[in-house]
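S.K.: Below is a structure I'd like to ask you about.
The values are calculated or read from the model by the stated rules, or taken from the named source; none is laboratory data. In this text the structure is predicted, and so the values were computed from the model without any measurement. No Cβ is skipped: glycine too gets one built from the backbone with ideal geometry, and neighbour counts run over all protein chains shown.
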Amino acid sequence: MSDQKVCLTIAGLDPSGGAGVIADIKTFSAFGCFAAAAVSSVTFQNTTGVFGSVNQDAASIRGQVTAVMDDLPAAAVKTGMLPTREVIEETAELMKRYSVSRLVVDPVVRSTSGYDLIDQHALQALIEKLFPLSLVVTPNLPEAERITGSRIRSQTELENAAKAILSMGPANVLMKGGHGIERGGKARDLLFSADGSVDVFEADMIDTTATHGTGCTLAAAITANLALGRDLAQSVSIAKEFVTEAIRTSKGHGRGHSPINIPSSAK
């Protein structure tokens, strides 16, 4: 029996390879984990935008996840784009069935180009069904604004949004920076815990449009490190360093927001 840790992602397929399950698989592998994936939606996208999608149904998610989990029990699970209420409800039931304790929920609700990936009914199901099962939820600011229904333009508003999301049930929420609130040339992520503690993770702000897949990769890197037995704060710290370097070394693929450079192995 292999001692290699299995990580499962349940997310959308980006055929251009920069985000979604392909980015997750690359990231899991970089940390030495065995990657498994259940595809929730086949999207039509590239570096310039998202042009449409064909969503899977609950039966497809159930079939994919049970096939993996019955044979290759995952040490940690990450969710990304979950496009419909029925897919979210099925995912939540599966997480309970398999007693998944290391669940990272990346609430992918809107693309970088402004394409809404889930409707309001699905968003409500994500909040009600999946947030309470998660070890950590990882919204960026536009996602946090849609989840809370509030504008975030200051540090105080960010903290209030984090508290609002924590009240929805997750054990922790990682509020991702890089959207203009920070000062001093730093990209600052803040990890808020239900016990009231706050951990701050900083990196130099990089002036670039090479940001395609950053959220997916960060959440996947956190998932991989949790699977390897690290605690959440350590996992976030390692993941942030990993993504910062991947942004810095982007190869500039495509005509839009280039994918970041996910290495074949983490340093």
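S.K.: N160 passes all but one of (1) under 17 Å from the mean Cα position of the chain (by Cα); (2) surrounded by fewer than 19 Cβ atoms within 10 Å (Cβ to Cβ); (3) modelled with pLDDT of 95 or more; which number fails?
M.R.: Of the numbered conditions (1) under 17 Å from the mean Cα position of the chain (by Cα); (2) surrounded by fewer than 19 Cβ atoms within 10 Å (Cβ to Cβ); (3) modelled with pLDDT of 95 or more, the odd one out for N160 is (1).
S.K.: Please identify the pairs in which a residue from region 186-203 that is without any contact (Cβ under 8 Å) to a residue 40 or more places away in the chain and among the small types (G, A, S) has its Cβ atom under 9 Å from the Cβ atom of a residue that is assigned to a strand (DSSP E or B) and surrounded by fewer than 19 Cβ atoms within 10 Å (Cβ to Cβ), counting only partners at least 6 apart or on another chain.
M.R.: S193/D199
S.K.: Another question, if that's okay. Do we find a residue being in contact with a His (Cβ under 9 Å, 6 or more places away or on another chain) and at pLDDT 95 or above anywhere in region 100-121?
M.R.: Looking for residues that are in contact with a His (Cβ under 9 Å, 6 or more places away or on another chain) and at pLDDT 95 or above, one finds none in region 100-121, hence no.
S.K.: Within region 1-118, which helices (runs of 4 or more DSSP H) (wholly inside it) include 1 or more residues that are within 24 Å of P263 (Cα to Cα) and free of Cβ contacts under 8 Å to residues at least 40 places away in the same chain?
M.R.: Those helices (runs of 4 or more DSSP H) span 20-30.
S.K.: Have a look at V65, V54, V105, V50 and point out the one that is within 20 Å of A239 (Cα to Cα) and either of a type in the set (A, V, I, L, M) or surrounded by fewer than 24 Cβ atoms within 10 Å (Cβ to Cβ) (or both).
M.R.: Just a single option satisfies the conditions, and that option is V105.
S.K.: Name the residues in region 169-216 that are within 28 Å of E128 (Cα to Cα) and at pLDDT below 90, would you?
M.R.: Those that are within 28 Å of E128 (Cα to Cα) and at pLDDT below 90: G177, G178, H179.
S.K.: For region 209-220: of the residues being in contact with an Asp or Glu (Cβ under 9 Å, 6 or more places away or on another chain) and part of a helix (DSSP H, G or I), which is surrounded by the most Cβ atoms within 10 Å (Cβ to Cβ)?
M.R.: A220
S.K.: What are the residues in region 249-267 that are of a type in the set (S, T, Y) and either modelled with pLDDT of 95 or more or within 12 Å of T208 (Cα to Cα) (or both), if any?
M.R.: Correct list: T249, S250, S258.
S.K.: Just give me the residues in region 57-101 being within 11 Å of L8 (Cβ to Cβ) and charged (D, E, K, R), in sequence order.
M.R.: K78
S.K.: Let me ask something additional. Please go through (1) of a type in the set (A, V, I, L, M); (2) crowded, with 23+ Cβ neighbours inside 10 Å; (3) in a helix (DSSP H, G or I) for A122 and return the number of the only condition it doesn't satisfy.
M.R.: (2)
S.K.: Looking at A227, A246, A219, which is the one that is farther than 20 Å from K5 by Cβ, modelled with pLDDT of 95 or more and not charged (D, E, K, R)?
M.R.: After applying the criteria, what remains is A246.
S.K.: Please go through region 243-267 and pick out each residue that is among the basic types (K, R), without any contact (Cβ under 8 Å) to a residue 60 or more places away in the chain and within 14 Å of T47 (Cβ to Cβ).
M.R.: Residue satisfying the conditions is K251 alone.
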